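S.K.: Take a look at this one; I'll ask things after.
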Amino acid sequence: MILDGKCPTGPIETSWDRHRFDMKLVNPANKRKYKILMVGTGLGGGAGAATLGELGYNVECFCYQDSARRAHSIAAQGGINAAKAYPNDGDSIRRLFYDTIKGGDFRAREADVWRLSQVSNNIIDQCVAQGVPFARDYAGYLVNRSFGGAQVSRTFYARGQTGQQLLIGAYQSLSRQVKAGKVKIHNRREMLDLVVVDGHAKGITCRNLITGEIESHWGDAVVLATGGYVNVFYLSTNAMGSSVTANWKAAKKGAFFANPCYTQIHPTCIPVTGDHQSKLTLMSESLRNDGRVWVPKKAGDKRPANEIPEDERDYYLETKYPSFGNLVPRDVASRNAKLQADAGKGVGASGYAVNLDFRDAIKRDGEKAIRERYGNLFQMYEKIVDEDAYKVPMRIYPAPHYCMGGLWVDYELQSNVPGLFVLGEANFSVHGANRLGASALMQGLSDGYFVIPYTIGPYLASTTPGAVTTDHDAFKESKAQVEANIEKLRNIKGNKTPFEFHRELGKIMWDNVGMARSEESLKKALTEIPKLREEFWQNLKCVGNDKEVNQQLENAGRVADFLEFAEVLAFDALNRKESCGGHFRVESQTEEGEALRDDENYAYVAAWEYKGEGKAPELHKEPLKFENIHLAQRSYK
């Protein structure tokens, strides 16, 4: 099937404005008749629920955390992009558009990226009005810093706590609508199924994580804003509760999963220290503004960093990419760090780390200035590593961080299942094969504040409010299936915990579907994943009662979904016989070791349809057209 993204035609500069004008509207009196289910309360879900409530819709919000404020968006550190051009350094909406398309290695839709770039400025205005404490200069003006993949300073920030501050802003707006009675929040609920009636999404089935009760909820439309799936690698920078479950349940009900192989390995994370770890910690990419990345020139040099003289240090990013230096995009920085470690130049006890050194920045600007910019990040590093990064270089190494893939959506953020909309990291729409730093927060707030409030209208205008409720047989069937699956997990009574299976899956994925992928490694993964899944259903140990708080049961369900989804991810990576962005096939690289695209055969969105247990997924394609930016080999030199 050839998919239609419903992208506007004509001049891209006016595409979003024209599309908004052409869409059907729901009048204010009728908005009160509709109910929308919002799954997830991060920046996409929180902003979306608040804005839809403000418009007059009835919204029910669901999150597995004990508070909407604990969504994983809170963990974002470095900043949020916008094309305000305050530093007067040549930035513009078109340049942000260009950098995002190029940064994603020409594997994103032009129309979606233009819209994201256009509304980025509205986001900053909205957040300032909410009181988000962005950094300011002495005169009180908002200040910007640079991020990877750009030669301008367009990133607004609140020290290293930008995600937290933006989420508080969205949460305040959400709380206002809760007070007004337009939004109802269901905390400690996990979506375990999508209810589809006559081909349309009409509700969800979820588990109350406190009582264990299986609940049914109906809505005239369902919106998923449930984040990403990189915990398929087990160790990642994501919260441990982050999973693929909501998206995968939707996929099993007919929603196409787009570009699952596009995962991002973040270059600046605290390195792995052993098997005892259950997650990894991000060090913001903003640190690369002032920190210089280097390794010893000589392989096997294990001297302390401060004892290695300047002429024996290899500032490899600055040497290899003089135009961008340490601010190359994340996929480029990550691959080069791996190359240094593979060559025996890695630092630290494991050899899988590189130095991020602030010595020269402190000499230039003073320690006080560096503390003001990144103080909480240095404090966090010291608490974890027990080293003072003002005196010795940080040690960093790439780690799984973000997914550019997600459920397929059209220009209106609607999946191929009518009535199912998808926001933020849960969809595939704007980042292509690599996300530029500080663009995740931008996408979440763009989708929530400025896109879904418009694009959900045409669908609702064509439906009868309240036509399907929980009395429908589809809800009863869904509830029975969820209860049967929980009972199946509990009755295996094997010897291995969900965490043990998750760790084994993560090793398979990292070793074979990680930073470098080959036909051989991907075929190996596709052999090992089904074996591990079979063992899971025969040897899982899931103790406790399903009528109470039971985190082992929660994790068992999430791991079961990862074990199914991982196969689709590897399948997509095997099918895409090119390198692009974060998807690096060792068979497809330039003489200089850079990603080598195959535009003739792979300039498309790969959307996979679930065909049933034990069956290969079916590929559907959406061709990508580039009418405003010329396709070219990426270069950051």
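The values are calculated or read from the model by the stated rules, or taken from the named source; none is laboratory data. Predicted model only: the values in this text are computed from it and were never measured. Positions of Cβ are backbone-derived with ideal geometry, glycine not excepted, and every protein chain shown enters the neighbour counts. Keep in mind that these areas ignore ligands, DNA and RNA; they rest on the heavy atoms of the full protein, side chains included. Shrake-Rupley method; radii C 1.70, N 1.55, O 1.52, S 1.80 Å.
S.K.: Please specify each residue of the range 47-83 satisfying the condition of being more than 24 Å from the chain's Cα centre (by Cα) and either assigned to a loop (DSSP other than H, G, I, E, B) or among the small types (Gly, Ala, Ser) (or both).
M.R.: If the condition is that a residue be more than 24 Å from the chain's Cα centre (by Cα) and either assigned to a loop (DSSP other than H, G, I, E, B) or among the small types (Gly, Ala, Ser) (or both), then GLY53, GLY56, TYR57 are the ones that fit.
S.K.: Looking only at residues that are of a type in the set (Val, Ile, Thr) and surrounded by fewer than 22 Cβ atoms within 10 Å (Cβ to Cβ) in the range 536-567, which one is farthest from the chain's Cα centre (by Cα)?
M.R.: VAL543
S.K.: State yes or no: is LYS507 touching a residue at least 40 places away in the same chain (Cβ under 8 Å), touching a Ser or Thr at 6+ places or on another chain (Cβ under 7 Å) and open to solvent by 30 Å² or more (accessible area, probe 1.4 Å)?
M.R.: So LYS507 fails the test.
S.K.: Here's a follow-up. Looking only at the range 239-256, count how many residues are more than 18 Å from ASN485 (Cβ to Cβ) and either free of Cβ contacts under 8 Å to residues at least 12 places away in the same chain or in contact with a Lys or Arg (Cβ under 7 Å, 6 or more places away or on another chain) (or both).
M.R.: 1
S.K.: Given (1) surrounded by fewer than 23 Cβ atoms within 10 Å (Cβ to Cβ); (2) in a loop (DSSP other than H, G, I, E, B); (3) of a type in the set (Lys, Arg), where does ARG107 come up short, assuming only one miss?
M.R.: (1)
S.K.: List pairs: first residue in the range 129-154 and on the phi > 0 side of the Ramachandran plot and touching a residue at least 40 places away in the same chain (Cβ under 8 Å), second residue aromatic (Phe, Trp, Tyr) and open to solvent by 30 Å² or more (accessible area, probe 1.4 Å) anywhere in the structure, Cβ distance under 9 angstrom, at least six positions apart or on different chains.
M.R.: Between residues of the range 129-154 that are on the phi > 0 side of the Ramachandran plot and touching a residue at least 40 places away in the same chain (Cβ under 8 Å) and residues that are aromatic (Phe, Trp, Tyr) and open to solvent by 30 Å² or more (accessible area, probe 1.4 Å), the close pairs are GLY149/PHE324.
S.K.: Exactly one of (1) open to solvent by less than 20 Å² (accessible area, probe 1.4 Å); (2) at pLDDT 95 or above is unmet by ASP365. Its number?
M.R.: Unmet condition: (1).
S.K.: Considering only residues that are open to solvent by less than 20 Å² (accessible area, probe 1.4 Å) and among the polar types (S, T, N, Q), which ones fall in the range 110-134?
M.R.: Selection gives SER117, SER120.
S.K.: Continuing with the same structure: Within the range 400-410, does at least one residue satisfy the condition of being at pLDDT 95 or above, outside the structural domain of TYR316 (by the TED database), over 23 Å from GLN264 (Cβ atoms) and not β-branched (Val, Ile, Thr)?
M.R.: Looking for residues that are at pLDDT 95 or above, outside the structural domain of TYR316 (by the TED database), over 23 Å from GLN264 (Cβ atoms) and not β-branched (Val, Ile, Thr), one finds at least one in the range 400-410, hence yes.
S.K.: Assigned by the TED database to the domain that holds ARG585, at pLDDT below 95 and open to solvent by 70 Å² or more (accessible area, probe 1.4 Å): is that true of LYS493 in this structure?
M.R.: Against the criterion (assigned by the TED database to the domain that holds ARG585, at pLDDT below 95 and open to solvent by 70 Å² or more (accessible area, probe 1.4 Å)), LYS493 qualifies.
S.K.: Also, I was wondering about something else. Would you pick out the residues in the range 587-609 that are more than 30 Å from GLU13 (Cβ to Cβ), out of contact with any strand residue (DSSP E or B) (no Cβ under 7 Å at 6 or more places or on another chain) and open to solvent by less than 70 Å² (accessible area, probe 1.4 Å)?
M.R.: Of everything in the range 587-609, those that are more than 30 Å from GLU13 (Cβ to Cβ), out of contact with any strand residue (DSSP E or B) (no Cβ under 7 Å at 6 or more places or on another chain) and open to solvent by less than 70 Å² (accessible area, probe 1.4 Å) turn out to be SER588, THR590, GLY593, GLU594, ASP598.
S.K.: Within the range 48-68, does at least one residue satisfy the condition of being crowded, with 24+ Cβ neighbours inside 10 Å, under 30 Å from LYS625 (Cα atoms) and at pLDDT 95 or above?
M.R.: The answer is yes, given that some residue of the range 48-68 is crowded, with 24+ Cβ neighbours inside 10 Å, under 30 Å from LYS625 (Cα atoms) and at pLDDT 95 or above.
S.K.: Something else: Please determine, by comparing only the residues of the range 422-455 that are part of a helix (DSSP H, G or I) and of a type in the set (Val, Ile, Thr), which one is surrounded by the fewest Cβ atoms within 10 Å (Cβ to Cβ).
M.R.: Among them, the one singled out is THR455.
S.K.: Sticking with this structure for a sec: In the range 356-406, which residues are among the small types (Gly, Ala, Ser), farther than 20 Å from ARG159 by Cα and not in a loop (DSSP other than H, G, I, E, B)?
M.R.: Within the range 356-406, ALA399, GLY406 qualify.
S.K.: State whether one or more residues within the range 339-353 are assigned to a loop (DSSP other than H, G, I, E, B), charged (D, E, K, R) and open to solvent by less than 10 Å² (accessible area, probe 1.4 Å).
M.R.: No, that holds for no residue.
S.K.: Quick one: would you say LEU25 is among the aliphatic types (A, V, I, L, M) and assigned to a helix (DSSP H, G or I)?
M.R.: Spelling it out, it is not the case that LEU25 is among the aliphatic types (A, V, I, L, M) and assigned to a helix (DSSP H, G or I).
S.K.: Right, something else. Would you say GLY140 is assigned to a loop (DSSP other than H, G, I, E, B), buried (at least 23 other Cβ atoms within 10 Å of the Cβ), modelled with pLDDT under 95 and not hydrophobic (A, V, I, L, M, F, W, C)?
M.R.: no
S.K.: Looking for something part of a helix (DSSP H, G or I) and either more than 30 Å from ILE12 (Cβ to Cβ) or touching a strand residue (DSSP E or B) at 6+ places or on another chain (Cβ under 7 Å) (or both) - is there at least one such residue anywhere in the range 538-550?
M.R.: yes
S.K.: Separate question: Mind telling me which of the residues ALA573, ALA616 ends up being among the hydrophobic types (A, V, I, L, M, F, W, C) and either farther than 30 Å from PHE501 by Cβ or crowded, with 22+ Cβ neighbours inside 10 Å (or both)?
M.R.: The conditions single out ALA573.
S.K.: How many residues does the range 368-382 hold that are within 26 Å of the chain's Cα centre (by Cα) and open to solvent by 80 Å² or more (accessible area, probe 1.4 Å)?
M.R.: 1
S.K.: Looking at the range 624-635, which of its residues are open to solvent by 70 Å² or more (accessible area, probe 1.4 Å) and in contact (Cβ under 8 Å) with a residue 12 or more places away in the chain?
M.R.: Passing the criteria: LYS625, GLU627, GLN633.
S.K.: While we're looking at this one, here's another question. Applying the selection to the range 298-338, what residues are of a type in the set (A, V, I, L, M, F, W, C), within 23 Å of the chain's Cα centre (by Cα) and part of a loop (DSSP other than H, G, I, E, B)?
M.R.: Listed by number, the list holds a single entry, VAL328.
S.K.: A follow-up question, please. Could you say whether any residue in the range 9-30 is more than 21 Å from GLY424 (Cα to Cα), open to solvent by 10 Å² or more (accessible area, probe 1.4 Å) and in contact with a Lys or Arg (Cβ under 8 Å, 6 or more places away or on another chain)?
M.R.: Yes, that holds for at least one residue.
S.K.: Has the range 403-417 got at least one residue that is open to solvent by less than 10 Å² (accessible area, probe 1.4 Å), touching a Cys at 6+ places or on another chain (Cβ under 6 Å) and touching a residue at least 24 places away in the same chain (Cβ under 8 Å)?
M.R.: Within the range 403-417, one or more residues are open to solvent by less than 10 Å² (accessible area, probe 1.4 Å), touching a Cys at 6+ places or on another chain (Cβ under 6 Å) and touching a residue at least 24 places away in the same chain (Cβ under 8 Å).
S.K.: Can you pull out every residue in the range 580-612 that is farther than 25 Å from ASN427 by Cβ and in a loop (DSSP other than H, G, I, E, B)?
M.R.: Residues satisfying the conditions are VAL586, GLU587, SER588, THR590, GLU591, GLU592, GLY593, GLU594, LEU596.
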